[in-house]
Amino acid sequence: MAPLTGFSLTSNTTSNGDGTYTTDVPTNLLGGLLGLGTELEIAFVAEHESGWQSKPASVASNAGLLGGIGGNCRNLT
């Protein structure tokens, strides 16, 4: 697995105020990484300073065509 170069999880994640968070991965980033018709799988894990880790929450995303047309994201877990 390789890191997303040029992508900041911190600056692309916002709190929704209800205990949940939303992370946006720009379609231009996905398109540049994937090429057309390819999926990227992303898994998020919450970790407490005590060492506890949550189970991974995984999604698969396809950037679609130019401008995100035909793109999708689906939950894997």
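Bear in mind that the values in this text are calculations on the coordinates, not laboratory data. This is a predicted model, so every value here is computed, not measured. Quick reminder, even Gly has a Cβ in these numbers, built from the backbone with ideal geometry, and neighbours come from all protein chains shown.
A simple spin-label model places pseudo-atoms 7 Å from Cα toward Cβ; at residue 47 and residue 21 they are separated by 1.3 nm. The stretch between residue 55 and residue 74 holds 5.1 nm of extra length on full extension. This uses 0.36 nm per residue minus the Cα-Cα distance. Annotation: amide H of residue 71 within the under-5 Å range of 65, sequence separation 5 or more or interchain, hydrogens built in the peptide plane. Each label point was placed 7 Å from the Cα along the Cα-to-Cβ direction; for residue 11 and residue 40 their separation is 1.6 nm. Packing, taken as the mean count of other beta carbons within 10 Å per residue, orders the peptides 50-61, 10-21 from highest to lowest as 50-61, 10-21.
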